[in-house]
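Following: one structure in structure tokens, then a few remarks.
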Amino acid sequence: MRKDKKQVIGEEIGDEPIKLFLDVEPGDDTPASLHKLVKAYRGLRIDDFERFIGFFVAAGYDLNAKDAQGQDFIALIQDQRQAGPYIEVIKAARG
């Protein structure tokens, strides 16, 4: 593959399937905002995750939500191999 070509696995998805990640609710005491971020991280490619963050912020969810141990989204995923681009999206969205 040429260096200027980006590999795309799977089909492009529209806005509505991405927005469905806003509907997921935690089954425990995890803050809803944090749960939605983790589910989207696990289920979306980086380009789609970036679009999701726009919908997430527009819906009024908290990018800084923390779990009972005080960990935010970045703390939860930072040790994962593919987390870097997702962390950058969150940092950019936080400003």
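The values are calculated or read from the model by the stated rules, or taken from the named source; none is laboratory data. All of these numbers come straight from a predicted model, not from anything done at the bench. Please note: Cβ atoms are built from the backbone with ideal geometry, for glycine as well, and neighbour counts cover all protein chains shown.
Quick notes on this structure:
- A residue that is under 15 Å from I18 (Cα atoms) and among the acidic types (D, E) occurs somewhere in region 48-58.
- Set side by side, the residues A75, A40 differ, and just one is in contact with a helix residue (DSSP H, G or I) (Cβ under 9 Å, 6 or more places away or on another chain) and modelled with pLDDT of 95 or more, which is A40.
- Selection count where residues are in contact (Cβ under 8 Å) with a residue 12 or more places away in the chain and either assigned to a loop (DSSP other than H, G, I, E, B) or surrounded by fewer than 16 Cβ atoms within 10 Å (Cβ to Cβ) (or both), scope region 56-82: 11
- Subset of region 39-59 [more than 13 Å from A93 (Cα to Cα) and more than 12 Å from the chain's Cα centre (by Cα)]: A59
- Look at region 23-51: where a residue is more than 17 Å from A75 (Cα to Cα) and a partner is of a type in the set (G, A, S) and assigned to a helix (DSSP H, G or I), sitting 6+ places away or on another chain with Cβ atoms under 8 Å, you get E25/A32; P26/A32; F49/A40.
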